[in-house]
Amino acid sequence: MATEELAKLVSAIERQTTADDVYETVVPALRLSRFSAPSDLVAVVYEPSLCVVAQGAKEVLLEDETYRLAPTQALLVSVDLPVSARVVEASPGRPYFAVRIALDPAVVGELLAEGMPASPLGPPARGLAVTPIEPPLLDAVTRLTVLLDSPQDILPLAPLVLREITYRLLTGPQGSRLCQIALAGAPAQRIAHAIRWLKDHFTGPLRIESLAKHVRMSPSAFHLHFKSVTAMSPLQYQKRLRLLEARRLMLGEGLDAAETAFRVGYESPSQFGREYRRMFGAPPRQHVSALKIEAQPTN
């Protein structure tokens, strides 16, 4: 049954994609990916989402942890996480096909408020996990993707299928990860609030005591739970956000390294250069030049 459903999902993605790329769709929460060869590591920020690989395989690196995602498996991300990702299995004859579905924490809260049984509060779990995808969830993901073939059905039906997908996740083996970020007072929910604050204020100075107080936790508990969810310290998390924004500014707005360093919160361009090289493997100017060359169309 899973093999048949995956074949339907592959066909649905193939009908909507024509070349190697990541595709936004008319369903705002749904993105499709198609690649015909393995890719290099790319640093990105994953927002709360579900990723399902229909064909091929992918690796996601969170600090020193590696998560491999293949067909019949789902990647659940419950909070915003800076990661590195790459396609590891793909060929022209069997391209990598995948869908990513953004998850709305508000819908999680609504379902819990409507009487869904909540998992008991416990230590915060990692904000990323790979788990086997159960048939009802795979069926819902496929139906959402197939809706792209019938644009007239998207407006009335897509919200219902997205809600069903959230429900399937909450009642599945990783449901506690979503429950924890929606339950008032749960440590993981407080860490989720801290992560959202960091995303909005990453260019400013980070005072752990102030942020811990903001989410009503002691500094020691805040640091412990933050690392449990993200696999990194708050300062490491802030650094990754700064460097990802720096890359965007240099690529998209053409800023030089010194100006970029100050724009993202560094007081020392030399420190920025060292940390940028440590994360991306090359100095800022060299790395951005290489990315621009890669982005140029080929004849």
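No lab work stands behind these numbers, since they all come straight from the coordinates. Bear in mind the structure is a predicted one, so any value in this text is a computation, not a measurement. Every residue, glycine among them, receives a Cβ derived from its backbone with ideal geometry; neighbour counts consider all protein chains shown.
Just a few scattered comments:
- Charge tally for residue 186 (other residues, Cβ to Cβ under 14 Å; Lys, Arg +1; Asp, Glu -1): +3.
- Inverting the pair-averaged 1/r between distinct Cα atoms of the range 183-235 gives 10.9 Å as its Kirkwood hydrodynamic radius.
- The string of couplings for the range 38-49 from the Karplus curve (6.51, -1.76, 1.60, θ = phi - 60°) is x, 10, 6, 5, 10, 7, 9, 10, 8, 8, x, 6 Hz, one whole number per residue in order, with x for Gly and Pro.
- Taking every DSSP helix (H) stretch of at least 4 residues in the chain, weighting each as -39,500 (n - 2.57) and dividing the sum by the residue count yields a mean residue ellipticity at 222 nm of -15500 deg cm²/dmol.
- Local electrostatic count at residue 36 - Lys and Arg +1, Asp and Glu -1, tallied over other residues with Cβ under 10 Å: +1
- Charge context of residue 164, other residues only, Cβ under 10 angstrom, K/R +1, D/E -1: +2
- Remark on the chain: Rg and Dmax equal 20.0, 58 Å (Cα only).
- Take 270-278, 5-13 and order them by the average number of nearby Cβ atoms within 10 Å per residue, most first; the result is 5-13, 270-278.
- The value of relative contact order for the chain, using C-alpha pairs under 8 Å at least six residues apart, is 15 percent.
- 3J(HN,Hα) from dihedral phi, the range 123-131, Karplus parametrisation 6.51/-1.76/1.60, rounded to Hz, x for glycine, proline: x, x, 8, 3, x, 8, 7, 10, 9
- Overall, the range 73-180 carries a charge dipole of about 360 debye about its Cα centre when +1 sits on the Cβ of Lys and Arg and -1 on the Cβ of Asp and Glu, all other atoms neutral.
- Residues with amide H under 5 Å from that of residue 232, placed H, sequence gap 5 or more: none
- For the peptides 221-229, 140-148, the ranking by mean Cβ contacts within 10 Å, running from highest to lowest, is 140-148, 221-229.
- Residue by residue, the range 74-86 carries 3J(HN,Hα) couplings of 10, 9, 9, 10, 9, 9, 5, 9, x, 9, 10, 9, 8 Hz when phi is fed to the Karplus relation 6.51 cos²θ - 1.76 cosθ + 1.60 (θ = phi - 60°); x denotes Gly or Pro.
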